[in-house]
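Report on the structure given below.
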Amino acid sequence: MWRIRRPPILATHTFIRYHLGLGFDRIYFYFDDVDDLGGDTELLKSLSTEYGSQVSVCCCNLAWFTSNAFENYGSFIKTDLVARQIVAVKQALRQANEDSMNWLLHIDIDELLYFQPRRTDADNFKPSSIKHWFSTIPAHIDQVRFTNYEAAPEKLEIKPLDYFKAISLFKPCSILFR
């Protein structure tokens, strides 16, 4: 589940292909722009065309937040980023449950989940699979914390606008699953 606002198109496609390649079944995007989603129109079209049901897109404008406000967050939607994050995460949890997902990852568009290659035999290394990793977790465990890596730009302007191809410096951050 990713909550974003006007991300670079190239970086978004790299981000999606990377995480689908790890074995994620579906990616939920929450475009957070209370007042105007016009800046994301081109990206929204390309996501639904290129990835079909593997990418779910939710446009979080003021009407969406108002109709999905949980508990007492409604009055803070327009002014408080954290209130919008809470509403989007709760909605993503609901959607993941409806889609029969067992686990949900919450990271930003400039972050990625990285697994070290695992040794399968003396001469062969294969990338780890997210599905394999989660299949090893005992049923009584309901939350997992990973270290993810957030892009740390070395320049103010990145060209082309693809964080994961233009940036080589990443800083570790903790994230929670489920």
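Rounded to the nearest 0.05, what FRET efficiency do SER135 and TYR114 have when you use their Cβ-Cβ distance and R0 = 22 Å?
Values: r = 19 Å, r/R0 = 0.86.
Step by step, r from the Cβ atoms, then E = 0.70.
Residue separation times 0.36 nm, minus the C-alpha to C-alpha distance between LYS165 and VAL82: what's the value? Please report the intermediate quantities before stating the final value.
Values: separation 83, 0.36 × 83 = 29.88 nm, distance 2.95 nm.
Extending this stretch completely gives an extra 26.9 nm.
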Mean Cβ neighbour count within 10 Å, used as a protection proxy, ranking 86-99, 20-33 highest first: 20-33, 86-99
Run the simple label-point estimate for CYS59 and ILE9 please: 7 Å along Cα→C-beta, distance reported in nm. 1.7 nm
Taking 7 Å along the Cα-to-C-beta vector as the label spot, tell me the SER67-ASN102 distance in nanometres, rounded to one decimal. 3.3 nm
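Going through the cross-link list LYS131/LYS165; LYS90/LYS165; LYS45/LYS171; LYS78/LYS171; LYS78/LYS131, which pairs have a Cα-Cα distance over 28 Å in this structure? Spell out each step's value before the answer.
On the way: LYS131/LYS165 25 Å; LYS90/LYS165 32 Å; LYS45/LYS171 31 Å; LYS78/LYS171 31 Å; LYS78/LYS131 37 Å.
With Cα atoms farther than 28 Å apart: LYS90/LYS165; LYS45/LYS171; LYS78/LYS171; LYS78/LYS131.
We did not get these values from a lab; they are worked out from the coordinates using the rules stated. Since this is a predicted model, take the numbers as computed values, not measurements. Note that each Cβ is placed from the backbone with ideal geometry, even for glycine, and that neighbours are counted across all protein chains shown.
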